[in-house]
Amino acid sequence: MLELRNVTKIYQAGTINETCLFQDFNLAVPDGQFVSVVGSNGSGKTSMLNIICGSIEIERGQVLVGGKDITRMSEFRRHRTVGRVYQNPALGTCPSMTLLENMSLADTKGRPFNLRRGTDRRRIAFYREQLSRLNLGLEDKLHVKVGSLSGGQRQAAALLMSTMTPIDFLILDEHTAALDPKTAERIMELTDQIVREKKLTTIMVTHNLRYAVEYGDRVLMMHQGKTVFDRAGEEKRGVTTETLLGLFNEISIECGN
């Protein structure tokens, strides 16, 4: 289980612009659960992901995995068991390197490189097989630099690369937001397929209310660093886009917008 326990996060502490985003914030995500997270800009969605991944520090509280406190564990050590896909396809890949080189890097994540070739030619057939499952023709582009691929192809590759090695958690930070509607649909289908096959504990931040409703087995709505809506299992299956949109409108009116 992943837990955020009594987390407090303050930005620009001690200045006139001091902002307390989280005050004793709590979240528990059971193993294997797929959580969709929605909320307005500034509600704390991405900050929550950054806290889980160790990208930002917290003032108080704990981050626990399986009951073990990892609050002070460095970001790179956490990423040995965490796969993360960002909104910008460029952040999950190395654009100046070929797709083969990118796949090789992902394949050796967490291992010592030592003095050996960075690309293991014996793994090429495996990479082709994995890429062919995406149905985007990437298996024939292994020697093409990733920077010349389309945004959808790069995001699909980033999703595959983030889950190549054994991981416990998959973190998706608006990973379809920069894509056209057709490509976004394909990426979501791939996401659901990979999560189910690998039985990954997944947290997906999205602004697409339909995706939040259709995918995963739990939906959260955040506002001003708090969870204002939380439905899982059978309760989640009764949630509609109209439900979430209505709650958004209520919050907007309360905030004077």
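The values are calculated or read from the model by the stated rules, or taken from the named source; none is laboratory data. Here the structure is a predicted model, which means the values were calculated and not measured. For neighbour counting, all protein chains shown are included, and Cβ atoms are generated from backbone atoms with ideal geometry for every residue, glycine included. For the accessible areas, the whole protein counts, side chains as well, though only heavy atoms, and no ligand, DNA or RNA atoms are used. Shrake-Rupley method; radii C 1.70, N 1.55, O 1.52, S 1.80 Å.
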Answer with yes or no whether residue 55 is open to solvent by 20 Å² or more (accessible area, probe 1.4 Å), under 30 Å from residue 194 (Cα atoms), part of a loop (DSSP other than H, G, I, E, B) and of a type in the set (Gly, Ala, Ser). yes
For a quick check of your reading of the model, give me the residue pairs whose first member lies in the range 190-214 and is more than 20 Å from residue 153 (Cα to Cα), whose second is assigned to a helix (DSSP H, G or I) and open to solvent by 60 Å² or more (accessible area, probe 1.4 Å), with beta-carbon atoms closer than 7 Å and at least 6 apart or on different chains. 209/245
Restricting the range 77-105 to residues that are open to solvent by 20 Å² or more (accessible area, probe 1.4 Å) and basic (Lys, Arg), the residue that is modelled with the lowest pLDDT: 80
Can we say residue 251 is surrounded by 17 or more Cβ atoms within 10 Å (Cβ to Cβ), in contact with a His (Cβ under 8 Å, 6 or more places away or on another chain) and not in a loop (DSSP other than H, G, I, E, B)? yes
Quick one: count up the residues across the range 18-40 that are part of a strand (DSSP E or B) and either farther than 19 Å from residue 191 by Cα or among the hydroxyl-bearing types (Ser, Thr, Tyr) (or both). 12
Can you name every residue in the range 4-21 that is under 26 Å from residue 233 (Cβ atoms) and open to solvent by less than 40 Å² (accessible area, probe 1.4 Å)? 4, 7
